[in-house]
Amino acid sequence: MKSYSPLTSASYLLGLVPPVVYHVGSLLVFTTGLSLGSILFVFLLYFIRAIAITSIYHRLITHKSYQASDLVKWIGSVVVASAGQMGPSWWKAHHLNHHQYTDRELDPHSPHTPFQGIRGFLWSHVGWLMSSQWFPTKLPSDVENDRVLKTIDRLHFLPFIILGAASYLLGGLEYLGAFFLSTTLLFHSTQTVNSLAHLFGDQPFATEDQSRNNSLVAFLTVGEGWHNLHHAFQSSSRHGITIRNSKVVYLPDPTFSFLKVLESLGLASKLRVPTEADLLACAKTPNLQALSSRLPAPEES
Ligand SMILES: [Zn+2]
Ligand SMILES: [Zn+2]
């Protein structure tokens, strides 16, 4: 059952408009062309907002894998909202459902249910956004109790409009097209976590789902593609971790590197990372070699 007002429903319904606008708007670049400056603009906007999605919406507001001030949450959420991927309440509500019911019937975007194969891929990538799943069942109370975050959530479309207008003022239709293109690429990279990272890749950790560590998705999403680790250790601020030859191996995770920078600036603290003992204990393959090395050697007769 939905637990929010008609005004909130209207705000969420409005959220279906930006994805249509930026997909269609991307076609502008075919008429304007892209200069070196506007190509850099595409990547700059992509990178900044990708880092914001992962570090603020996902690792901070949803999983509380580190601590930061309200100001960091608020400013970060405005940056994320400019990506046209909805506000913090909507986002967290869906993501918590995903973790609670991963790859089972109530998962809002699994590639394994209710469809499989190519239909499952399409459902998890975009189909679920065009279904009744769009409306979250229950909004997270902590975000709802923060009046600033709640306001950003309901007015999620404003930062998107403002960044689009700023892009136009900066470089006319060419930069507006670059903004739309960057936003479209970012939309699809976010969705690859829901689709590809539950289909392809390795599973170094024992989880009761189909989450995978996928290096392509990790590259596109500044570290979120190490998704099997994430499902195994949801409150870890570091996702780039695997197990090789019974040893813990750390993988490139630009979002975690960004969090370390925030920490050095005093803007983030208490970054949570599992111990190597916890990681090895959760390794999918029984870690007999490591275990036997820790046991006392048998006494010689
Ligand atoms: Zn997942
Ligand atoms: Zn998560």
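The values are calculated or read from the model by the stated rules, or taken from the named source; none is laboratory data. It should be emphasised that the depicted structure is a prediction, and the values quoted were computed from it without experimental measurement. Every residue, glycine among them, receives a Cβ derived from its backbone with ideal geometry; neighbour counts consider all protein chains shown. Please note that ligands, DNA and RNA were not included when accessible areas were found on the heavy atoms of the full protein model with its side chains. Shrake-Rupley method; radii C 1.70, N 1.55, O 1.52, S 1.80 Å.
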Around Ile241: net Lys/Arg minus Asp/Glu count, Cβ-Cβ under 12 Å: 0
Quick one: give the max-minus-min coordinate of the C-alpha atoms of the range 6-281 along each principal axis, largest first, in Å. 55, 44, 39
Among Thr207, Tyr168, Pro252, which residue has its Cα furthest toward the positive end of the charge dipole of the chain, with +1 on Lys/Arg Cβ and -1 on Asp/Glu Cβ? Tyr168
Prolate/oblate/rounded label for the range 1-128 (Cα gyration tensor, a/c 1.5): oblate
Taking protein heavy atoms only, a 1.4 Å probe, and rounding to whole percent, the accessible area of the range 6-281 owed to carbon and sulfur comes out at 68
From the convex hull of the Cα coordinates of the range 158-237, what is the mean projected area in square nanometres? 6.4
Find how much the distance from Glu276 to Ser35 grows on full extension, using 0.36 nm per residue of separation minus their present alpha carbon separation; answer in nm with one decimal. 82.0 nm
Which of the lysines could a cross-linker bridge to Lys92, judged by Cα under 18 Å and excluding same-chain residues fewer than eight apart? Lys2, Lys64, Lys73, Lys138, Lys150
Along principal axes, largest first, the alpha-carbon spread of the range 67-178 in whole Å comes out as 45, 37, 24
Part-to-part distance (alpha-carbon centres) for the range 146-190 and the range 261-276, which is given in Å: 29
Charges at C-beta only: +1 for Lys and Arg, -1 for Asp and Glu. How large is the resulting dipole of the chain about its Cα centre, in Debye rounded to 20? 400
Under the Debye formula (equal points on every Cα, no solvent term), log10 I(q)/I(0) of the range 107-240 at q = 0.10, 0.19 Å⁻¹: -0.44, -1.20
Students often forget the sequence filter, so: which lysines lie under 21 Å Cα-Cα from Lys284 once same-chain residues fewer than 8 apart are removed? Lys247
Would you pull out the residues with amide H under 5 Å of Ile243's amide H, same chain only if 5 or more places away, H placed 1.01 Å from N? Val249
